[in-house]
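The values are calculated or read from the model by the stated rules, or taken from the named source; none is laboratory data. Bear in mind that the values here come from a model prediction, so they are computed numbers and not experimental data. Methodologically, a virtual Cβ is constructed for each residue, glycine included, from the backbone with ideal geometry; neighbour enumeration extends over all protein chains shown. Areas reflect the complete protein model, heavy atoms only, side chains present, ligands, DNA and RNA absent. Shrake-Rupley method; radii C 1.70, N 1.55, O 1.52, S 1.80 Å.
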Amino acid sequence: AVHALIVVDMQNDFLYGELAIDGCSAGQDGAEVVPIISSLRNNSAFDCVAVANDCHPSNHCSFHDVMTDPGSAPVEVHDAQSEEALKHAKEYERVILIAPDGESRMPQMLWPAHCVEGTDGAKPPRELCIDPIDIEIQKGTSEAVDSHSAFYDYGRYGPGPSTEDGRTLLAELR
């Protein structure tokens with residue numbers, strides 16, 4: 001058995017940016033878990049530590065401003081969704097796009113832009129302990145499909161989240 005610590009979405013945009021959960025009605029603050037994760041990382045024996053982060057291109061299909069701007073969307077709208085309704089969709093609204101297979105329905109939540117590759121929002125917070133030997137997984141790197149999982153993209157349409165050199169977390173854990 002492999003004993004792994006898998007850290008997902010500990011990024012500035014999720015902790016301090018527009019998608020931060022601080023101040024929510026449940027009284028949670030995502031940043032409060034950063035020292036706990038760092039303590040686990042430093043004081044526990046894991047065979048493997050993986051850090052999986054969103055790493056979206058600036059024209060990602062989950063971004064509200066991209067998908068509601070005619071002509072800039074990287075994915076076409078499915079017949080089940082009207083173009084007009086997409087143009088007027090609100091943030092946090094679900095729309096139906098055409099999946100990478102060219103025909104299937106792909107439901108997609110429209111989010112504010114977040115964790116764009118190369119921005120401070122995509123970086124982990126300074127306080128998060130990351131060791132050079134940790135496996136760093138980038139997810140959501142395709143403009144045409146979202147990925148909430150560290151293991152698969154949404155709908156399993158492509159190779160899914162991977163390291164910079166193309167290794168997957170599943171392969172690393174085997």
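Going 7 Å from the Cα of Glu103 toward and past its Cβ, which residues in the range 62-79 have a backbone nitrogen under 16 Å from where you end up?
Of the residues in the range 62-79, 78-79 have backbone N under 16 Å from the label point off Glu103.
Under a straight-distance cross-link criterion of Cα-Cα below 20 Å, which lysines are reachable from Lys139, leaving out those fewer than 8 residues away in the same chain?
By straight Cα distance, Lys139 reaches Lys123.
Give the ranking of Glu143, Glu76, Glu136 by solvent-accessible surface, highest area first, calculated with a 1.4 Å probe. If you can, show how the numbers build up before the last one.
Numbers: Glu143 75, Glu76 130, Glu136 105 Å².
Ranking Glu143, Glu76, Glu136 by accessible area, largest first, yields Glu76, Glu136, Glu143.
Have a look at Gly121, Gly17, Gly160 and tell me which one the Gaussian network model of the chain (Cα, springs below 10 Å) gives the largest fluctuation.
Most flexible of the set in this elastic network: Gly17.
First check a/c for the range 84-174, with a ≥ b ≥ c the square roots of the eigenvalues of its C-alpha gyration tensor; if it is under 1.5, answer rounded, and if not, answer prolate when a/b is larger than b/c or oblate otherwise.
On the way: a/c = 3.07, a/b = 1.48, b/c = 2.07.
Oblate.
If you take volume of the Cα convex hull per residue in Å³ from the coordinates, which of (1) 121; (2) 301; (3) 134 do you get?
So the calculated entry is the one marked (3).
With unit charges on the beta carbons (Lys and Arg positive, Asp and Glu negative) and the dipole taken about the Cα centre of the chain, which residue among Ala113, Gly160, Met67 sits farthest to the positive side?
The residue sitting most towards the positive pole is Gly160.
Comparing Pro132, Pro161, Pro107, which has the greatest mean-square fluctuation in the GNM of the chain with Cα pairs linked when under 10 Å apart?
Top of the fluctuation ranking is Pro132.
Using only helices, what value at 222 nm comes out for the chain when you add -39,500 (n - 2.57) per DSSP H run of length 4 or more and divide by the total residues, to the nearest 500 deg cm²/dmol? Provide the component values of the computation, followed by the final result.
Working: 5 runs with 28 residues, N = 174.
Dividing the helical sum by the residues of the chain leaves -3500 deg cm²/dmol.
Cα atoms only, the range 28-110: Rg and Dmax in Å?
For the range 28-110, the Cα-based Rg and Dmax read 18.5, 54 Å.
In nm, to one decimal, how far is the Arg94 label point from the Asp120 one, both placed 7 Å along Cα→Cβ?
According to this spin-label approximation, the distance is 3.5 nm.
Measure nothing fancy, just the Cα-based angle from helix 34-43's long axis to the longest principal axis of the chain, in degrees from 0 to 90, nearest 10.
40
Assuming 0.36 nm per residue, please report the length gained on full extension of the stretch Asp69 to Ile36 beyond their Cα-Cα distance. Please list the in-between numbers first.
Working: separation 33, 0.36 × 33 = 11.88 nm, distance 4.05 nm.
That works out to 7.8 nm of additional length.
Kindly write out, for the range 125-130 in residue order, the coupling ³J(HN,Hα) from the Karplus curve 6.51 cos²θ - 1.76 cosθ + 1.60 (θ = phi - 60°), rounded to whole Hz, with x marking Gly and Pro.
Per-residue couplings from phi come out as x, 4, 6, 7, 6, 10 Hz.
Sum up the charges of everything whose Cβ sits under 13 Å from the Cβ of Arg105, counting Lys and Arg as +1 and Asp and Glu as -1, but leave Arg105 out. Don't skip to the end; give the middle numbers.
Details: positive: Arg94; negative: Glu76, Asp79, Asp101, Glu103.
Computed value for this residue: -3.
In a Gaussian network model over the chain where Cα atoms closer than 10 Å are linked, find which of Asn12, Asn42, Asn53 has the largest mean-square fluctuation.
Greatest mean-square fluctuation among the candidates belongs to Asn42.
Quick check: from the Cα gyration tensor, does the range 112-158 come out rounded (a/c under 1.5), prolate or oblate? Could you put the intermediate results ahead of the total?
On the way: a/c = 2.80, a/b = 1.46, b/c = 1.91.
Here the range 112-158 falls in the oblate category.
In the range 23-107, which trypsin sites (Lys or Arg not before Pro) fall in coil by DSSP and have 13 or fewer other Cβ atoms within 10 Å?
Numbers: sites: Arg41, Lys87, Lys90, Arg94, Arg105; in loops: Lys90.
Here the trypsin sites (Lys or Arg not before Pro) that fit, given the DSSP loop and packing criteria, are Lys90.
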